[in-house]
Structures are given as structure tokens and as C-alpha cells.
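Enquirer: Below are the C-alpha cells for one structure; questions will follow.
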Amino acid sequence: MFDYSYTAAYVAAKETAILSKEALSRIAADRSEALRLLSQTGYGGGAADSASALVDNEMSSLRAFIMNSLPEELYSLLILPYDAHNLKVLLKCSVNGADPAPYLYDNTVFDTEIAAACCRGGEFSLLSENLAKLLDPAYDNGLLSSPFGISTECDRAFYDEISKRAASAPDVAAEYVRAEADGRNFISFIRAKNTNLDKDSFKALLLPGGSVPAELFAAAYESGADDMKAYTFGYAAHDALCAAADKLKSSMSDVYDSLDNYAYSILEPYRYEPESFVPVFLYFRKKTAEARYVREAFSDGGAV
């Protein structure tokens, strides 16, 4: 059994140093000093020539910490989306002939060499039986030969994997996973509307495992709804998705903040339970939000 007492104390101390959106906006106001100031905080190890590199370094360290602080049945719920990214990179690079190495994440559940071998052979059982059940037919049917097919098939397969693993996890972890899927489906809904994506392509984007059935997102999209408010009443995510829809009037950054707050609301009531993994989940989510704030603050579009 994992002893979470030290980890909970460590996380409690580290949380106070997480950079806020407002702090990052101030830091990024003067671009000539921005990287130096960010590096001085120790973010990303403080030795990189771009904010993006600092973020990558910080998130790599975060994944390593998570994987050392939780058993696999829990850390995989947080880390597997990074494995999905790696598999998408490997498949896309196998199509276009590019070198995948610069785009791959380290500290993931599956070894990238094993994942690369699966991509070369079109057989994914070395990852998991469930992933093979979903990805092998997609490979055979040619769905993993185009960028859109690779992205949608891999994302759906990995969220199916995460959902199945969450089914045997503690209730709060399973609820967190459902909330994450709901949030990602809502973001896909908004992006699809903004780009006038056709309905079939939108359906392909929808992830399994949320509290709101994917069919409801599809129905709302086909009806031309501006948001999900009329479709999610009675579901656990209803209030959160309504709040996120209201934030559309300000910015997508605020939409993401609203979805983060939903995840926090699921985890916070359990953070002080004895021998709880929840502080680690909360720390991971807050650090992930911080990474988004850094990217936004240092983007070409300016501060968040």
C-alpha cells in the first residue's frame, strides 16, 4: 500500500508556489525580461531558451513525480493522455516520414519504443488488450493513415482505456475521469461550431466515458445549439457545462478555467481524508492549468 502522508505534505508545500494567471500576465508583460523572470522562479528547471521548452521540462518532471507518487492503477488515469499523444505522433510521422523524436513525451505509461513497434506492425496488443481491440481494426481499415483519423481513433481508444481502468478505481477518481471526458467533449463542441465542422467529423471527435453521453453532444450539434444547456439537465456535469458556456462570452481561457474548477470541486472534498491520493490529483490538475497559463502568457497573442 502506498503511504501518502509524505506526498500530501510535499504537495501542500509545493502548491503555494504554483504561478497564477495574473502573475504570469505580469511576468510576460515585458518580453525582454519574461523568460529570465520565469526561469528565476525555478519553473522548468530554469534552463531553456523558450517558454515552451520550460513548460515541456516542467510537465516532464510533473509526470515523473506523479508516477512515483501513485500506483499505476491511479497514475495511468492522469498519464495515459500523454501516451495517446505519443501514439498519434508516431503514427503521423510514419505516414509523412518525419522524425518523431522531437515531439514525443517522456515519463509515460508505455515505453515509446514498444509503441513505435506497434505502429510499425499495426498490432497494438503490446500496449493493452483493450487498445488492440480498438486500434487493430482501425489500422486494418486504413483509419490510421490520415491525420484526422489518427487523432480521433487514438483519442477515443485511449479514453475508452482510461474509462475501463477508472471503473475499478475509487469513486472520486472515476468521477474525475468522467468530468475530464465531459470537458474535452465540450471543448470539441465549441471548436467544431467555430470551424463549421460537418456533423460526422464532429461525432468522430467525441470521447467515451463522460457523464454526458456522446449522443447528446451529437444531437445538440446537429440541432445547431449554441451550447449544451438544454441537453445536459439531470447529468452531473450540467452546472459545470452551463458555467463554461457562460464563459464563452469572455475567452476560451476562461472556459478552461471553468472546467478546471469543476474538476477541483470533485476532488476538494476528499483531499484531507487519511491516506488519500486526492492531493496528488489536485496538484497535477493545478500544475497542468499553470502550464496552460504559461503557454497563453508567452504566446504571440500576448498575455492571458
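The values are calculated or read from the model by the stated rules, or taken from the named source; none is laboratory data. Please read all numbers here as calculations on a predicted model, not as lab measurements. Reconstructed Cβ throughout: ideal geometry from the backbone, glycine too, with neighbour counts over all protein chains shown.
Enquirer: The conditions are (1) closer than 27 Å to ARG26 by Cβ; (2) in contact (Cβ under 8 Å) with a residue 60 or more places away in the chain, and SER60 fails exactly one of them. Which is it?
Expert: With respect to (1) closer than 27 Å to ARG26 by Cβ; (2) in contact (Cβ under 8 Å) with a residue 60 or more places away in the chain, SER60 is out only on (2).
Enquirer: Another question, if that's okay. Tally time: how many residues in segment 227-241 are surrounded by 17 or more Cβ atoms within 10 Å (Cβ to Cβ) and outside any loop (DSSP other than H, G, I, E, B)?
Expert: Residues in segment 227-241 being surrounded by 17 or more Cβ atoms within 10 Å (Cβ to Cβ) and outside any loop (DSSP other than H, G, I, E, B): 3 in total.
Enquirer: Based on this model, can you work out whether VAL89 counts as farther than 22 Å from LYS14 by Cα and modelled with pLDDT under 95?
Expert: no
Enquirer: Is there any pair with a first residue in segment 280-292 that is closer than 15 Å to LEU267 by Cα and a second that is polar (S, T, N, Q) and assigned to a helix (DSSP H, G or I) whose Cβ atoms are under 7 Å apart and which are 6 or more apart or on different chains, and what are they?
Expert: Listed pairs, sorted by first residue: VAL280/THR7; VAL280/SER69.
Enquirer: Return the residue satisfying two criteria in turn: it lies in segment 90-149 and is of a type in the set (Ser, Thr, Tyr) and buried (at least 16 other Cβ atoms within 10 Å of the Cβ), and of such residues it is nearest to ALA64 (Cα to Cα).
Expert: Filtering segment 90-149 for residues that are of a type in the set (Ser, Thr, Tyr) and buried (at least 16 other Cβ atoms within 10 Å of the Cβ), the one nearest to ALA64 (Cα to Cα) comes out as THR108.
Enquirer: Check segment 126-139 and report whether any residue there is farther than 28 Å from ARG285 by Cβ, of a type in the set (Ser, Thr, Tyr) and either touching a residue at least 24 places away in the same chain (Cβ under 8 Å) or part of a loop (DSSP other than H, G, I, E, B) (or both).
Expert: For segment 126-139, residues farther than 28 Å from ARG285 by Cβ, of a type in the set (Ser, Thr, Tyr) and either touching a residue at least 24 places away in the same chain (Cβ under 8 Å) or part of a loop (DSSP other than H, G, I, E, B) (or both): absent.
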